[in-house]
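The values are calculated or read from the model by the stated rules, or taken from the named source; none is laboratory data. Since the structure is predicted, the reported quantities are computational estimates derived from the model, not experimental observations. Ideal geometry is used to build each Cβ from the backbone, glycine not excepted, and the neighbour counts take in all protein chains shown.
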Amino acid sequence: MHTAVQRYTLNILLALVCLGLVLAAYWDLLDSYVLTVLMFMGINIIFAASLNLVNGYMGEFSCGHGGFMCVGAYVGSVLSVICFSSNKILGAALLPSTLAPWIFPLILLASGFSAALFGLLVALPSFRTRGDYLAIITIAANYIIISLVENIDIIGGPRGLSGMKRTMNAMRDVADIPWMLIWVMIGTLVSLTLLRRLVSSTYGKGIRAICQNEVAAEIMGVNTDRVKIVAFMLSSALAGVAGALYAHVFGYVNAQAFNILKSTEGMVMVYLGGMGSLSGSVIAAMVFTLLVEGLRFGIPALDSLLHAAHVLPADVVLSQIWKWVFIPLLLILLMQFRPEGIMGNRELWDLFPRLKRWIRFR
Amino acid sequence: MALLAVHNLTQRFGGLQALTDFNISIADREFVGLIGPNGAGKTTVFNLVSGFYEPTEGSITFDGVPTRGLKPHSVTALGIARTFQNIRLWNNMSVLDNIRLARHHWLGYSLWDALLRTRRFGDAEAGVDKTSWEMLELMELEAYAGEFPKNLPYGLQRRVELARALSVKPRLLLLDEPAAGLNSADVDGLIRVVDWIYSEFGISIWMIEHQMKVVMALCERIVVLNFGRIIAEGSPGQIQADPGVIGAYLGDGML
Amino acid sequence: MELIIQHLVNALQWGSFYALIALGYTLVYGVLALINFAHGDIFMVGAYIAFFVSTMLLGAAGFGLSSFQALVLTIPLTMILTSCVGVTLERIAYRPLRRKGAHRLYVVITALMCGLVLENGNLALLGASRRTLPEMLDKVVYNIGGIAVTNLKIGVIFTALLVFVVLQHIVTRTRMGMAMRAVSWDKFALPLMGVALDRVIVFTFMMGSGIAGLGGVLFAMSYPVLDPYMGVMVGWKAFIAAVVGGIGDIRGAFVGGFLLAFVEIMVTAFLPSTFRDLFAFAILLLILWQRPTGLFGVSQTTKI
């Protein structure tokens, strides 16, 4: 039965999984830590996939993706605080809390839009220079954005900004469902769909043409400047949305959370997954999130194991700092074994062509 | 009126005068050759015409439109397509995608159409698909539609590049040494294909080529360049007999 | 006026640190086109090695050296040990990837990861307690027309200049230096010319890391409290300095380093120090905007 139903099997399955998670959260079957990890995974997927558009598909080397996440996080937080919470500096709540579920998606859009504007900071220099010189510009942009935020005292400066919990509470007052989980899921799925639609269209393949031979692209009629603007702006817009979601999941933002280390995490996920592979980025983001969270428990377990085996002296404790030794080491090893990332530049359905029969993703 | 009119074109790179007072006028449906020793400035002429360089002096007019200040993609949009001396295909994209991408400028839908998958997007993509397959069939490449160009033999890569240039639906096709790197059997095939393109598509072709066999078989008029200056112009017969041209190729000592 | 000159002297000192680190980036980049993002952490490792070497020389182990003798021994020992660290990274992490023909950026990411391993490994092994470098140089303050300059500052600036001169000589006058320039020109022709590529690469890493080690000693002498993350910020900034100067060019690394330090010191002199990064990076962006390949960089033209 090669019917429409069969072709949507995996889509339906995915929808059911999402629904299942939401219900599980609703009935308090998931503990809040697991829930946070799930949401964090979604945010990382958006972050990695959006960076892949620039670093993977377009072949640029953007090292400052965290900066755009920062813009989105702060714009989202400020709007959210202005609208729904009373704050000494930003004034009383502007809107009644019953509007929160309707306004929140608009806040996400606004965050994406403003991050896209900051994307121009990188897109415009990319007309004239590329490669490692552009990499510097992105690093500098990352620093500039963070420094800018830290110098604006009205939004908390280096102390950070909080108050977004109000918005989430406002949403919960309207209907008691796991709102943030739903928003993160929607954000992730919409982001992936948009990226997939762009890169699979002839218009978006211009991005890959720039990567493979920019001269040929320009001379065969691809408006490379415009395509670059589109790629950089969409990429930073999605990072901005990821930032706004992040800010609301945690209820607190601090500019230093989006410094060059955050950008590094993004690059790790992109190159681990494979340049120019959306499914690679998704897998890498999941693996990375699970690795980071899993080691939180793995390290104490390893510690007691080593002590039980008398490998470690009794007075030495394997601390959580080892996490950030193990993770990079593991990644170094992974790169040695798969020097083109988990997926290379293929998608999951290129490796398993039969998958195409079960999924509709365009 | 001439299709392409180049007037007093001069190009300097720093202290190097690569091209001096170059004039040419190419009519509709004309096949012109551009020959000259290595480093004579032939590719510079093509780079100027296709908008890759901005000329130091002089003007280029295509179909009455001055091209100074236009980016290469806009020049292509006017109807000038080209191939490259060293093949420049997008090597990690299928041959079909290579052909489709040449329609980038004429897609007729916006970013939002692509993201929202509007009806306009669907129609436009279907149209591009159809014309691209037609082009593949015309150039007898449909068997390789799914292959990556890097995996194809050299002669086929040349043909893919030709097909890609033709997908732009140009009125003037610039061929930069299309026979470079081909063996003699492939060269004969190339002559046939280019000749067929010339009559089938009804376009003007301007070709840089070193192999006299190709030039003499195809060109109606030949321009000879040496040290950035035109030293001769005329029919193949005239050029073959021109002592200045022979001197430029063989060195003055031979005269 | 005196204040400005005082700032200028400070800028020269900071510029020396930036320049010494930027050199390592530039040398490796010039040869391999690889951004060795672990380099800032190699600088940090250099400072720690200096700490261990100097405490051992001065400590209870009882070599009975005077502090000046210890200094004279610490500097070369640190440089040698640090270059061993750099070469080890090259051998175990970068070279296998290069052999496998991995995409250039995968090597860059590996370098980033190596940096993380170095700094966090340091923190995990040595703990969070800060180490302090023993004092090896008696501080002398010279007062020249109202400007206070310590002997250490003068030493730092002169060492940087000396390194510059020596390096220029090596790169332009010696066989190895010529081989280094040749690698950056054409990696494939080199083995055909009878030059062992790997030897050139190892030599490059040795020099770059050795100079970073020297920078580490001098930095630790100027700011004796060590921190596992001390190389991160300085490293990124030195990299930016190298690019602004024109990455791959030794003069560029120096000019870029001093320029960055100058801008930073001047911004902090006239504005709240929180604006330092903002202005410094904005100015660097403007420079790159105007000269997309840096001050000394040669613009690459695409030939078609």
Worksheet item: Say we look at the stretch A:84-136 and pick out the residues that are among the charged types (D, E, K, R) and surrounded by fewer than 17 Cβ atoms within 10 Å (Cβ to Cβ); which of these is modelled with the highest pLDDT?
Response: A:R128
Practice prompt. For residues that are over 13 Å from A:V54 (Cα atoms) and hydroxyl-bearing (S, T, Y), scanning just the stretch A:222-251, find the one that is surrounded by the most Cβ atoms within 10 Å (Cβ to Cβ).
Written response: A:Y246
Worksheet item: Only one of these conditions is not met by C:T204: (1) under 19 Å from the mean Cα position of the chain (by Cα); (2) in a loop (DSSP other than H, G, I, E, B); (3) polar (S, T, N, Q). Which number is it?
Response: (2)
Practice prompt. Go through the residues of the stretch C:254-275 one by one and say whether even a single one is farther than 19 Å from C:M1 by Cα, acidic (D, E) and within 13 Å of chain A (Cβ to nearest Cβ).
Written response: no
Discussion item. Step by step: first the residues of the stretch B:76-99, then only those that are part of a helix (DSSP H, G or I) and surrounded by 24 or more Cβ atoms within 10 Å (Cβ to Cβ), then the one that is farthest from the chain's Cα centre (by Cα). Which residue is that?
Written reply: B:V95
Worksheet item: What about B:N86, is it more than 8 Å from chain A (Cβ to nearest Cβ), more than 20 Å from B:Q11 (Cα to Cα) and not acidic (D, E)?
Response: yes
Response to the item:
Per the list (1) surrounded by fewer than 23 Cβ atoms within 10 Å (Cβ to Cβ); (2) over 16 Å from the mean Cα position of the chain (by Cα); (3) within 9 Å of another protein chain (Cβ to nearest Cβ), residue check on A:I219 breaks on (1)
Worksheet item: Tell me, which residue of the stretch B:195-239 that is part of a helix (DSSP H, G or I) and of a type in the set (V, I, T) is nearest to B:Q17 (Cα to Cα)?
Response: B:I239
Practice prompt. List every residue pair whose Cβ atoms sit under 8 Å apart, with the two residues 6 or more apart in sequence or on different chains, where the first one lies in the stretch B:155-176 and is in contact (Cβ under 8 Å) with a residue 40 or more places away in the chain and the second, anywhere, is crowded, with 22+ Cβ neighbours inside 10 Å and acidic (D, E).
Written response: B:L175/B:E209
Discussion item. When the residues of the stretch A:157-198 are narrowed to those that are among the small types (G, A, S) and touching a residue at least 12 places away in the same chain (Cβ under 8 Å), which ends up nearest to the other protein chains (Cβ to nearest Cβ)?
Written reply: A:S191
Worksheet item: In the stretch A:292-341, what count of residues is obtained for those that are touching a helix residue (DSSP H, G or I) at 6+ places or on another chain (Cβ under 6 Å), more than 10 Å from chain C (Cβ to nearest Cβ) and free of Cβ contacts under 8 Å to residues at least 60 places away in the same chain?
Response: 3
Worksheet item: So is B:R164 within 25 Å of B:K42 (Cβ to Cβ), at pLDDT 95 or above and surrounded by 15 or more Cβ atoms within 10 Å (Cβ to Cβ) or not?
Response: yes
Practice prompt. Go through the residues of the stretch C:31-52 one by one and say whether even a single one is at pLDDT below 90 and in a helix (DSSP H, G or I).
Written response: yes
Discussion item. Among (1) in contact with a helix residue (DSSP H, G or I) (Cβ under 8 Å, 6 or more places away or on another chain); (2) within 14 Å of chain A (Cβ to nearest Cβ); (3) not in a loop (DSSP other than H, G, I, E, B), there is one condition B:I60 misses while meeting the rest; what is its number?
Written reply: (2)
Item to complete: Could you please let me know if B:I246 is touching a strand residue (DSSP E or B) at 6+ places or on another chain (Cβ under 7 Å) and of a type in the set (A, V, I, L, M)?
Response: no
Practice prompt. From the list A:V215, A:V190, A:V230, pick out the single residue that is in contact with a helix residue (DSSP H, G or I) (Cβ under 6 Å, 6 or more places away or on another chain) and of a type outside the set (K, R).
Written response: A:V230
Discussion item. Looking for something touching a Pro at 6+ places or on another chain (Cβ under 6 Å) and within 20 Å of B:P170 (Cβ to Cβ) - is there at least one such residue anywhere in the stretch B:62-79?
Written reply: yes
Worksheet item: Out of curiosity, is B:R12 of a type in the set (K, R), more than 25 Å from B:G244 (Cβ to Cβ) and either modelled with pLDDT of 95 or more or surrounded by fewer than 18 Cβ atoms within 10 Å (Cβ to Cβ) (or both)?
Response: no
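Residue by residue, here is whether (1) out of contact with any Leu (no Cβ under 9 Å at 6 or more places or on another chain); (2) in contact (Cβ under 8 Å) with a residue 24 or more places away in the chain; (3) in a helix (DSSP H, G or I) holds:
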site: C:L89; (1), (2), (3): no, yes, yes
site: C:G101; (1), (2), (3): yes, no, no
site: C:N120; (1), (2), (3): yes, yes, yes
site: C:L123; (1), (2), (3): yes, yes, yes
site: C:K139; (1), (2), (3): no, no, no
site: C:V149; (1), (2), (3): yes, yes, no
site: C:G155; (1), (2), (3): no, yes, yes
site: C:V165; (1), (2), (3): yes, no, yes
site: C:Q168; (1), (2), (3): yes, yes, yes
Fill in: Odd one out for A:L30, checked against (1) surrounded by 16 or more Cβ atoms within 10 Å (Cβ to Cβ); (2) part of a helix (DSSP H, G or I)
(2)
Worksheet item: Considering only the stretch A:316-359, how many residues are surrounded by 14 or more Cβ atoms within 10 Å (Cβ to Cβ) and in a loop (DSSP other than H, G, I, E, B)?
Response: 14
Discussion item. I'd like to verify a number: residues in the stretch A:168-211 that are at pLDDT below 90 and polar (S, T, N, Q), how many?
Written reply: 1
